[in-house]
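Asks: The following block contains the structure, expressed as structure tokens.
What follows draws every value from the coordinates through simple rules; no lab data is involved. What you are looking at is a predicted structure, and each value in this text was computed from that prediction instead of being measured. Please note: Cβ atoms are built from the backbone with ideal geometry, for glycine as well, and neighbour counts cover all protein chains shown.
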Amino acid sequence: MKSKAKSIEIHQGDLPGGLDFGSSVAVDSETLGLKPHRDRLCVVQVSAGDGVCHLVQFPGADYGKADNLKALMADDGVTKIFHYARFDVAVIRKYLGVVCTPVYCTKIASRLARTYTSNHGLKDVCRELVGVDMNKEQQSSDWAVETLSPAQAEYAAADVLYLHQIRNRLDEMLERDGRRELASACFEFLTTRADLDLAGWGEEDIFSH
Ligand code: MN
């Protein structure tokens with residue numbers, strides 16, 4: 001099965017008011033590169049896991065109007081599901097100025113649950129656990145463009161469409177193997193991990209001897 005959104009809604013500068021994502025929202029971000037201090041946040045994608053994706057663009061690097069998005073990221077009652085949360089949480093902290101919590105990371109969950117493989121990229125995890133093939137062709141494209149191409153919008157949306165389903169499957173595996181608590185403790189530490197990255201301890205493992 002190929003990945004396909006029911007609908008993709010593109011917004012400028014913030015989410016519209018009045019959206020309800022329930023108790024968990026899938027989140028991803030697109031930036032100009034992999035260095036948060038150099039490469040600005042361009043797009044944030046969110047989905048309630050219902051096939052609908054909201055894309056928020058930040059034209060002119062203006063993050064000052066994103067009150068609804070910031071409130072959602074900081075909402076204690078809504079778990080933010082990411083794949084490789086470490087990066088997105090750091091970027092959201094730097095550009096939106098909010099601590100993103102609580103968080104669930106499908107990449108950490110995959111590393112703890114799928115010990116039989118070293119393939120923890122979203123494409124591999126999604127194919128195995130949900131049976132959906134994601135197209136990764138637009139991964140390295142210019143996300144700061146004024147108007148996203150249909151291919152870019154499809155790609156950005158696909159990154160959040162299946163995270164709820166992936167989390168459910170991974171939770172079953174973590175439960176089976178008695179690793180739920182270990183996973184939860186790792187998710188709680190993610191805010192600190194992202195802060196360490198932003199503060200200059202990105203490469204260094206402060207837990208190593
Ligand atoms: Mn993405």
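Asks: What is the antiparallel percent of DSSP beta bridges lying wholly in the stretch 7-199, to the nearest 5?
Replies: Approximately 45 percent, going by the DSSP bridge assignments.
Asks: Putting +1 on Lys and Arg Cβ atoms and -1 on Asp and Glu Cβ atoms, find which of Gly17, Tyr104, Gly131 reaches farthest to the positive end of the dipole of the chain.
Replies: Result: Gly131, furthest along the dipole toward the positive end.
Asks: Now for a separate question. Within the stretch 7-199, how many Lys pairs sit with Cα atoms under 21 Å apart, leaving out pairs fewer than 8 places apart on the same chain?
Replies: Summing the qualifying lysine pairs gives 13.
Asks: If you don't mind, there's one more thing I want to ask. Using 7 Å Cα-to-Cβ label points, what is the Leu198/Arg38 separation (nm, one decimal)?
Replies: 2.0
Asks: Putting +1 on Lys and Arg Cβ atoms and -1 on Asp and Glu Cβ atoms, find which of Val56, Val78, Thr117 reaches farthest to the positive end of the dipole of the stretch 7-199.
Replies: Thr117
Asks: Modelling each spin label as a point 7 Å along the Cα-to-Cβ direction, I'd like the Ala74/Ser118 distance in nm, to one decimal.
Replies: A separation of 4.2 nm, rounded to one decimal place.
Asks: Another question, if that's okay. If we count GluC sites (Glu not before Pro) as exposed when they sit in a DSSP loop and have at most 12 other beta carbons within 10 Å, what is the longest stretch of the chain that avoids them all?
Replies: 1-136
Asks: Another question, then. If you build the Cα gyration tensor of the chain and take the root of 5 times each eigenvalue, what three semi-axes come out, in whole angstrom, biggest first?
Replies: With the √(5λ) rule applied to the chain, the semi-axes are 25, 21, 17 Å.
Asks: Please give the charge dipole size of the stretch 7-199, origin at the Cα centre, charges +1 on K and R Cβ atoms and -1 on D and E Cβ atoms. Round to the nearest 20 debye.
Replies: It works out to roughly 640 debye.
Asks: Additional query: Quick one: order Trp201, Trp143 by neighbouring beta-carbon count within 10 Å, fewest to most.
Replies: Trp201, Trp143
Asks: If r is the Cβ-Cβ distance from Lys4 to His209 and R0 is 41 Å, what FRET efficiency results, to the nearest 0.05?
Replies: Rounded to the nearest 0.05, the efficiency is 0.25.
Asks: Fewest to most neighbouring Cβ within 10 Å: what's the order for Met73, Met134, Met1, Met173?
Replies: Met1, Met173, Met134, Met73
Asks: Could you tell me the distance between the Cα centroids of the stretch 15-76 and the stretch 103-139, to the nearest Å?
Replies: Cα centres, the stretch 15-76 to the stretch 103-139: 21 Å.
Asks: Taking only DSSP H segments of four or more residues, each worth -39500 (n - 2.57), what value at 222 nm results for the chain once the sum is divided by all its residues, to the nearest 500 deg cm²/dmol?
Replies: The per-residue figure over the chain is -12500 deg cm²/dmol.
Asks: First measure r as the distance between the Cβ atoms of Asp20 and Arg127, then evaluate 1/(1 + (r/R0)^6) with R0 = 45 Å and state the FRET efficiency to the nearest 0.05.
Replies: The computed FRET efficiency comes out at 0.90.
Asks: Continuing with this model, one more query. Which order do Ser23, Ser149, Ser29 fall in if you start with the one that has the fewest other Cβ atoms within 10 Å?
Replies: By the 10 Å Cβ count, ascending, the order reads Ser23, Ser149, Ser29.
Asks: For the chain, set up a GNM with springs between Cα atoms under 10 Å and report which of Gly18, Gly64, Gly77 has the largest fluctuation.
Replies: Among Gly18, Gly64, Gly77, the largest GNM mean-square fluctuation belongs to Gly18.
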